[in-house]
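**Student:** Sharing a structure with you now.
Every number in this text was worked out from the coordinates using simple rules, so none of it is lab data. From a predicted model like this one, the values you see are computed outputs, not experimental measurements. Cβ coordinates were reconstructed from backbone atoms using ideal geometry, including for glycine residues, and neighbour counts include every protein chain displayed.
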Amino acid sequence: MIEKAPSGVLGVSLDTIKRFDEVLTANTVYVFGYPTSLGMKEIPQIDPLRPLLRSGIIGGTNPSRKTIILDCPAYPGNSGGPVLEVEHVDLLNQRFRVIGVVSQFVPFAETWVNVTHKYQNLTVSNSGYAVAVSMDPVLELISSP
């Protein structure tokens, strides 16, 4: 970051953005966000006014939706946060490029059925994967008249 706007909005130049077709599976990513859903109010461990950083990898892509699957947990409050991909330029240098924005986590759903008493229980938890919308729609929006 070179400078911060008074509004808290962070801008990036076009040469630091990567399109969906350029995203590389297995590259390292960093996710920024304000996951205020974590922790307990009685035990304040996280400052809700400061962003948290997570790392993971690009687990894959969904070409039909132009979304990026991250092997990196996301929680409410991470949505809308930028996703940076690390590119290794050479042995000593790396470059960070914005590839998307966190949109949701991927749930793990498990159904337990009790055949004897004829009832079932559905448990939904965080799978550890997240979905990011690529920068393509953003680039289309800012380039349209």
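**Student:** List the relative contact order of segment 29-94 as a percent without decimals, with contacts defined as Cα pairs under 8 Å and 6+ residues apart.
**Tutor:** 42 percent
**Student:** Still on this structure, please answer the following. In debye, nearest 20: dipole of the chain around its Cα centre with unit charges on the Cβ of K, R (+) and D, E (-)?
**Tutor:** 340 debye
**Student:** Expressed as a rounded percentage, what relative contact order does the chain have, with Cα pairs under 8 Å and six or more residues apart?
**Tutor:** 24 percent
**Student:** Give me the Å³ per residue figure for the convex hull around the C-alpha atoms of the chain.
**Tutor:** It is 189 Å³ per residue.
**Student:** Quick one: Karplus J couplings for segment 48-58, per residue in order, coefficients 6.51, -1.76, 1.60, θ = phi - 60°, nearest Hz, x for Gly and Pro?
**Tutor:** Once rounded to whole Hz, the list reads x, 8, 10, x, 9, 10, 10, 10, x, 10, 7.
**Student:** Taking the highest mean first, how do the peptides 107-113, 130-136 order by number of other beta carbon atoms within 10 angstrom per residue?
**Tutor:** Output ranking for 107-113, 130-136: 130-136, 107-113.
**Student:** Helix-derived [θ] at 222 nm for the chain: sum -39500 (n - 2.57) over DSSP H runs of at least 4, divide by residue count, nearest 500?
**Tutor:** Calculated at 222 nm, the ellipticity per residue is -1500 deg cm²/dmol.
**Student:** Taking Cα centroids, how far is segment 121-145 from segment 10-51 in Å?
**Tutor:** If we compute the Cα centre of each part, the gap is 13 Å.
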